[in-house]
Amino acid sequence: MDNVFDYEDIQLIPAKSVVKSRSECDTSVNFGGHTFKLPVVPANMQTIIDEKIAIFLAENGYFYIMHRFQPEKRIDFIKDMKARGLIASISVGVKEAEYDFVKELAEENLVPEYITIDIAHGHSNAVIEMIQHIKKHLPNSFVIAGNVGTPDAVRELENAGADATKVGIGPGKVCITKIKTGFGTGGWQLAALRWCAKAASKPIIADGGIRTHGDIAKSVRFGASMVMIGSLFAGHEESPGETFEKDGKCFKEYFGSASEFQKGERKNVEGKKMYVEHKGPLIDTLIEMEQDLQSSISYAGGRKLQDIRKVDYVIVKNSIFNGDKVY
Ligand SMILES: NC(=O)C1=CN([C@@H]2O[C@H](COP(=O)(O)OP(=O)(O)OC[C@H]3O[C@@H](n4cnc5c(N)ncnc54)[C@H](OP(=O)(O)O)[C@@H]3O)[C@@H](O)[C@H]2O)C=CC1
Ligand SMILES: Nc1nc2c(ncn2[C@@H]2O[C@H](COP(=O)(O)O)[C@@H](O)[C@H]2O)c(=O)[nH]1
């Protein structure tokens, strides 16, 4: 690896604008045969998405991935989405029961449009075998496999049949993998994305470490087709979990999928919990993301999302915030 950098080490270089208004810039993306308004998907975590949010996102043209932490609800969830004429997008793990679940879906002819294999260390035979199992029983589902952090892993999962791979081990806001294991892409997630994207022949989802809307544009620049985000989507009015008040301010909890709060026990804990200040309605954030990304496209001198891929960049050795707070 030559250049190692993360989101805040990079600035994209502006090119001459070709639009009269940022509203002319098109942020939509085709991913897995469907077009979505944004190249952004809320993380498939229990404090980020639930059935209600999934319906809201699907009805309004946004991509979503339902989490896998209430496995008994998944069949009814898929049936409900299908009954509404909406895309069904679910997550699975790799344990034995998940093999039976995939077979059950096939037997009932319940075919989710998207299935995400959601595992911490995706470069493993466990994930390769699950990709093959899904492709055998549900060949028409678009399979997203992860998480990985190397070109070798991307190639192996693609060769096993994955339709997209998800890159990011340890850059998440509530992640403690980097601290507890010493491994991962924490601190160099954007460079890892670039490294993996060069090897990929199918779409990549950049997962974790997004702290500002500008990081979405940077992810696209370095090869992401889709960007998975947890912390920026936490704390909304609709977010799962209770709102509580402290010193006159409202908060919501955001915890890791490998935290004791998710697992219900302190075994192989690699995630933590934090409290996020209340952010208001989800739609306001989605609209602001779209406007900011339209602006990014205009700075790229383009009209559509892919134009961001063409811009030059510099590696800024110190933080781009120069000691200032982000907001
Ligand atoms: N993106 C990221 O950086 C990370 C994300 N997570 C999230 O946490 C959740 C739980 O993940 P995960 O623990 O994988 O899921 P599971 O608890 O479902 O474990 C999946 C299987 O993989 C095994 N496993 C887990 N980690 C490893 C490893 N490092 N090497 C070999 N086998 C392993 C587990 O066995 P056993 O438990 O016995 O080892 C289990 O059989 C997921 O939602 C995941 O996305 C967790 C950590 C990092
Ligand atoms: N190491 C861990 N990573 C986790 C855990 N739960 C989720 N995640 C990953 O984080 C991203 C979201 O990152 P953010 O920076 O946008 O907040 C999520 O999509 C997972 O890949 C965990 O317990 N440990």
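Checked across segment 158-170, the condition of being open to solvent by less than 30 Å² (accessible area, probe 1.4 Å), more than 9 Å from ligand 1 (Cβ to nearest atom) and of a type in the set (D, E, K, R) holds for at least one residue. Of note, Gly146 satisfies the criterion of being assigned to a strand (DSSP E or B) and either closer than 20 Å to Lys198 by Cα or open to solvent by 10 Å² or more (accessible area, probe 1.4 Å) (or both). Only one of the numbered conditions (1) farther than 20 Å from Met226 by Cβ; (2) within 11 Å of ligand 1 (Cβ to nearest atom) is not met by Thr185, and that is (1). The residue pairs whose first member lies in segment 112-125 and is farther than 15 Å from Thr150 by Cβ and open to solvent by 10 Å² or more (accessible area, probe 1.4 Å), whose second member is of a type in the set (Ser, Thr, Tyr) and more than 10 Å from ligand 2 (Cβ to nearest atom), and whose beta carbons are closer than 8 Å, counting only pairs six or more residues apart or on different chains, are Glu113/Ser89; Glu113/Ser141; Asp118/Ser91. For segment 261-279, a residue qualifies if it is open to solvent by less than 80 Å² (accessible area, probe 1.4 Å) and either over 23 Å from Met66 (Cβ atoms) or in contact with a strand residue (DSSP E or B) (Cβ under 8 Å, 6 or more places away or on another chain) (or both), and the qualifying residues are Gln262, Val269, Glu270, Gly271, Lys273, Met274, Val276, His278.
Of the numbered criteria (1) more than 10 Å from ligand 2 (Cβ to nearest atom); (2) under 30 Å from Glu288 (Cβ atoms), the one Thr150 fails is (2).
Counting only residues that are under 14 Å from Ile128 (Cα atoms), hydrophobic (A, V, I, L, M, F, W, C) and in contact with an Asp or Glu (Cβ under 7 Å, 6 or more places away or on another chain), segment 148-186 holds 0 of them.
The values are calculated or read from the model by the stated rules, or taken from the named source; none is laboratory data. Everything quoted here is computed from the prediction, not taken from an experiment. Please note: Cβ atoms are built from the backbone with ideal geometry, for glycine as well, and neighbour counts cover all protein chains shown. Just so you know, the surface numbers come from the protein's heavy atoms only, side chains and all, with ligands and any DNA or RNA stripped out. Shrake-Rupley method; radii C 1.70, N 1.55, O 1.52, S 1.80 Å.
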